[in-house]
Amino acid sequence: MESEENWETVSLTDLKPEKRELVGKKNTPVMEVQVETHAKEEEKKSEPVREPLRAPKAEEKKPENGDAPLRIALRYGEFKEIIGLLNAVKNEVKLNFGPEGMEAKAIDPAHVGMIEIRIPREAFSEYYLQGNLATWTLDIDRLKKIIPQGSKDDIIELEGGESRLVMTVGPSKTYYELLDSQSVTVPHLPVIMTDSSFVMNASTFRNVLKAAEHVSDAIRFTLNKDGLKMLAFSDGEESESRFTKDMLKEIVCNEQTRAAYPLDYLLKLAMAMKTVDEIKFQFRSDYPAVIDFSVESLNRMSRDHRTEVKYLLAPRMEQ
């Protein structure tokens, strides 16, 4: 059994466009980070190529309220999962809607976790947009308290401008006051360089995290070409899960990779994954992790246009 160790979380805002060292508290190992941001125009050409959201195919139906620039419809359970994933990072978020679909980015107040969700318009059963852009800025905690109740397969219709949102589920309708769009800043998503990764069933990932929840506040990932070990430990207690390469859906590792991450952030994210089949966990030693996955229920409308979710998480540094 390993002895108890102290941890310090590195902030994602410490990641600068230029190469620099991140130094934690006394006796904390030094970590070098190289990232690129979308803010630097000259560096955009080096960013990884991402599949663009495709042209619209969802039904376009003019809103009953002619002044509302946006109207969408989707299953109640799908909408709840979207706001649940965003809420796992931050309460106040901005949803941007364009001709190709919806995009949302959020970073938590401590700047430890960051999420980006991209949903093609084909994923919605109805998508009507006046102009090229509409924005809804939500207080998710408040929205969850007043949203009309429904079952996961019910259709929820949402329409509104930048000040008010109308939510309809069956016979029930709720009017929700949106936040000022200027009150929420959309973060730039840094490009994290990783060299190792594994693909795991999402429910298995969640169960491992839940088993470690009361043992420690951090969990260490150790990956090599033969498999993965996930370890949480404290003084006198330990939670360990081992996976051979045959137990993982995919593994990429040229040399042993080891890093620890805050358990509460990972668990919040995992618990919000209601219809996620698998996750791709990408990282390198003592470096931020990138977790990619798709919300499968939103892919039912078109398998060619998939929902993309990217979650970035700062590491915990051993002191």
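The values are calculated or read from the model by the stated rules, or taken from the named source; none is laboratory data. The structure presented is a predicted model; accordingly, all values stated were derived computationally and were not measured. Note that each Cβ is placed from the backbone with ideal geometry, even for glycine, and that neighbours are counted across all protein chains shown. For accessibility, only protein heavy atoms count, side chains too; no ligands or nucleic acids. Shrake-Rupley method; radii C 1.70, N 1.55, O 1.52, S 1.80 Å.
Structure summary
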read-out: Farthest positive-ward along segment 183-247 dipole, Cα basis, beta-carbon charges - from Ala232, Asn201, Ser183; value: Asn201
read-out: Hz values of 3J(HN,Hα) by residue in segment 166-179 - Karplus curve (6.51, -1.76, 1.60), Gly and Pro given as x; value: 10, 10, 10, 10, x, x, 9, 9, 10, 9, 10, 7, 7, 6
read-out: Per-pair calculated FRET efficiency, R0 = 30 Å: Lys274 and Ser172 via Cβ, rounded to 0.05; value: 0.85
read-out: List Lys274, Lys229, ordered by accessible area with a 1.4 Å probe, largest first; value: Lys274, Lys229
read-out: Three semi-axes of the equivalent ellipsoid, segment 196-313, Cα gyration tensor, whole Å, largest first; value: 24, 17, 12
read-out: Among 241-253, 80-92, the order from most to least packed when residues are scored by Cβ within 10 Å on average; value: 80-92, 241-253
read-out: Whole-percent carbon and sulfur share, accessible surface of segment 196-313, 1.4 Å; value: 41 percent
read-out: Ranked order, Thr275, Thr222, Thr137 - accessible area, probe 1.4 Å, largest first; value: Thr275, Thr222, Thr137
read-out: Charge tally in the Cβ shell below 14 Å around Asn91, where Lys, Arg are +1 and Asp, Glu are -1, Asn91 excluded; value: +2
read-out: Heavy-atom accessible area per residue - segment 70-177, 1.4 Å, Å²; value: 37 Å²
read-out: For segment 196-313, accessible area per residue (1.4 Å probe, heavy atoms of protein chains only), Å²; value: 43 Å²
read-out: FRET efficiency, Asn96 to Asp153 (Cβ-Cβ, R0 25 Å, nearest 0.05); value: 0.40
read-out: Whole-Hz ³J(HN,Hα) from phi, Karplus 6.51 cos²θ - 1.76 cosθ + 1.60, for segment 284-299, glycine and proline x; value: 8, 4, 6, 9, x, 9, 10, 10, 10, 7, 10, 8, 5, 4, 7, 8
read-out: Value of Rg/Rh across segment 70-177 [Cα atoms, Kirkwood radius]; value: 0.94
